[in-house]
Structures are given as C-alpha cells and as structure tokens.
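S.K.: This is the structure, below, for whatever I ask next.
The values are calculated or read from the model by the stated rules, or taken from the named source; none is laboratory data. Only a predicted model underlies this, so the values are computations on that prediction, with no experimental measurement involved. Here Cβ is always computed from backbone atoms with ideal geometry, including for glycine, and neighbour counts include all displayed protein chains.
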Amino acid sequence: MNELNWPKLFAFAAFLFIIYTIFDNVQEHQVFLEKAEQNQIEERVWRKFVVNDLLVGPRFSVQIGTLPESSIPTKHNDSMITISQELFEQVDAGDTISGYEVDGKFYTETLLKEEVKWFYILLTVFSLYPIGYILYWLFKINIIWNLCSSISKRLYLDKMAGFVLSILIFGGLIVSLLLFVSTDTKSAIENGHEKYFGKNHAETTALIMEHGYDRRTSTYNRSDYYISMLYTPENQDTIFIVKGVTWHTYNKYKEKMPIVYNVDNPYQVYAKEMDIADYLDILMTETVFLTLLSVILIVLLSSIPFLLWKQKQRKSQKDHPV
C-alpha cells in the first residue's frame, strides 16, 4: 500500500479551505451590499470631534443616533462614524447625514466604498494560492504542458520562466506587505515627523473630559488608551479632541493635560510631555510590531530570488566545469 503524500494532501486541503472561505466571503459581501442598498437612511449628528490615535491621526468623526454616552472610539461604540474632512467641515451638530445601515451599523458613502475596496484587495491576495494550485495541476497534463512548452520555446520564454515566476510569487507577497506598510505605517511616520520636526507648533493646556480604553486580545498590545479633551487654539473656536495616549500618560493626567498642536492644522494634537515609559509603550504597539515584521519579511523575500539564482549558478558551474 502506498504511503500518503502528506505535503500534497495538505496542499489540497488548504486549496479547498481557501476556496470555501472565498466563496463564503463573496456571498456575505453580496448580502452586505444588498442590505446597504435596501437601508438608505439619514442620521442626526450629535457631536463633532477629531480622533488622534497614539501614532496615527487625525480622523474626522461624528457621533450619531441617540445621545451617546461615550466619545471613546471602542469597537463596541457604533455611534462613532469616521467621515471625510470635507464633510466634517460642512456639517454641524443637529444636521443630518445620509448613509446606509447594515446590521445596526451606519456607513457613509465613503465608508461603504472603503469597505468594498478592501474586500477586493483581500480577495485578490487570498486568490493567489488557489490560482497557483490550479495552474500547477493544469501543467501536469501532457497536452497542456507540451503546448505551453512549444509556445514558450518559440517566443524564447523558457529562459525567462524561472525569473518571471519568482517575480510573480515573491513580488506578489512583497506588494501585499508594502500595501500594509503604506497605510498605518505611512501615516504613523508622517505624524511622527510632524511631531518632532514640524515648525509651526503652539503649546496650550487641554481640559480633560473623559478617560477610556479599547481592550485588545493580543499579548503585545493589551489596550488602546484614549483621553477626550477640549482646547482652544489661538484665535479659533474650541475644539473637541479624542487623543490616543500611552498607558503611562493615561494614568498621569486626570483633569488637565499639556499639549502641542499644529497651528496650520489645529486638529493635529500631541502630548507635550513624554518620558522613557511612553516610548517603551509605543515600541510595544501593534503598528510598530507589524511594521518591523513586515520590513524583515520584505528583506527576506527580496533576497530569495537572488539566492536561488546564485544556487543555480553554482550548480551550473559544477555540472559544466571549465
């Protein structure tokens, strides 16, 4: 009796699982879009505010529905809606905004398009393995293999096949990682550059309104901590800000907090005082951890095609010594 080929069995099981997952998610996405189209509503704006996360910001937001109890952006606070800066500057408290409701959650047109965009990005990434698996077995068929071999020889593609395949496989993975790095990481770098190298800053003291946190389940980032506050930029109206802070800062300030803000963009706010405990907390955040991991993976994946080429060169020299 032949022994089971466990690698092939595992590859087939992974193929079936990913195909089922893709099919299930496509079905759910279609239902999601149908519900959105059938539930176009308007909601009243109770409060306008800007969220500055610990490393990323600002995010322009409003609170809708019944009078909200909290302005802390947790995963359970469905009253908080992120909107574009343009819409933020157009609406005031008491105005209504149009959008879609799905399973009790409100989506603006912008948020809905963002959901759709990320769905198709993830769908493309997760489809790479099933496509590669199908092509692998198709090339096992002699007729298809001979046909492709004949075409590639006539077009001189056979010499480029290994290089192109490596670029497609490792390039796809690298692009996926860069896509992640280009979102939160890019925003965090821009925000950090403004904090430490921005020139048009001013200092003031903000009045603290509320403390709160969004609990995480990961071991390296237990919670996201927030302080909601009011402050008045020079020659401007009072602004309501929700600021992401470290655990150390969260416990340090109770009633007032010294801040630094960007005069050109007063919605961009930073904690004025930071010490070693704050920087250690930042190093333990999810954004920093995943960014470092992505950079390491990008370096490793980028070097694999070169290492494979070097290995092939050595083998060729051994097989055909001068």
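S.K.: Of the residues that sit in segment 20-46 and are of a type in the set (Val, Ile, Thr) and part of a helix (DSSP H, G or I), which one is surrounded by the most Cβ atoms within 10 Å (Cβ to Cβ)?
M.R.: Restricting to residues being of a type in the set (Val, Ile, Thr) and part of a helix (DSSP H, G or I), the top hit is Ile22.
S.K.: Looking at Glu89 and the list (1) surrounded by 13 or more Cβ atoms within 10 Å (Cβ to Cβ); (2) at pLDDT below 90, which single condition is not satisfied?
M.R.: In the conditions (1) surrounded by 13 or more Cβ atoms within 10 Å (Cβ to Cβ); (2) at pLDDT below 90, Glu89 misses (1) alone.
S.K.: Just to verify a result, which residue in segment 105-145, among those that are in a loop (DSSP other than H, G, I, E, B) and without any contact (Cβ under 8 Å) to a residue 24 or more places away in the chain, is surrounded by the most Cβ atoms within 10 Å (Cβ to Cβ)?
M.R.: Within segment 105-145, the match that is surrounded by the most Cβ atoms within 10 Å (Cβ to Cβ) is Phe139.
S.K.: OK, next. Look at segment 62-96 and say how many of its residues are free of Cβ contacts under 8 Å to residues at least 60 places away in the same chain, closer than 21 Å to Leu112 by Cα and not in a helix (DSSP H, G or I).
M.R.: 16
S.K.: Between a first residue in segment 234-246 that is farther than 21 Å from Val288 by Cβ and a second residue that is exposed (fewer than 15 other Cβ atoms within 10 Å of the Cβ) and modelled with pLDDT of 90 or more, which pairs have beta carbons less than 6 Å apart while being 6 or more apart in sequence or on different chains?
M.R.: Matching pairs, first to second residue: Thr238/Leu230; Thr238/Thr232; Phe240/Leu230.
S.K.: With touching a helix residue (DSSP H, G or I) at 6+ places or on another chain (Cβ under 7 Å) and hydrophobic (A, V, I, L, M, F, W, C) as the only criterion, which of Leu122, Leu112 stands out?
M.R.: After applying the criteria, what remains is Leu112.
S.K.: Of the residues in segment 276-291, how many are among the aliphatic types (A, V, I, L, M) and either closer than 15 Å to Ser223 by Cβ or in contact with a Leu (Cβ under 9 Å, 6 or more places away or on another chain) (or both)?
M.R.: Count: 3.
S.K.: Moving on. Taking the condition at positive phi and surrounded by fewer than 16 Cβ atoms within 10 Å (Cβ to Cβ), does Asn235 pass?
M.R.: So Asn235 passes the test.
S.K.: State which residue pairs qualify: first residue assigned by TED's automatic domain parsing to the domain that holds Ala93 and among the hydrophobic types (A, V, I, L, M, F, W, C) and inside segment 22-51, second residue surrounded by fewer than 13 Cβ atoms within 10 Å (Cβ to Cβ) and part of a helix (DSSP H, G or I) in any location, beta carbons under 9 Å apart, and separation of 6 or more residues or different chains.
M.R.: Hits for this filter: zero, empty list.
S.K.: Just to check your reading of the model, which residue among Ser79, Ser61 is among the hydroxyl-bearing types (Ser, Thr, Tyr), touching a Pro at 6+ places or on another chain (Cβ under 7 Å) and within 17 Å of Thr110 (Cα to Cα)?
M.R.: Matching residue, one of Ser79, Ser61: Ser79.
S.K.: Being small (Gly, Ala, Ser), surrounded by fewer than 18 Cβ atoms within 10 Å (Cβ to Cβ) and assigned by TED's automatic domain parsing to the domain that holds Gly212 is true for just one of Ser71, Ser61, Ser84. Which residue is that?
M.R.: Ser84
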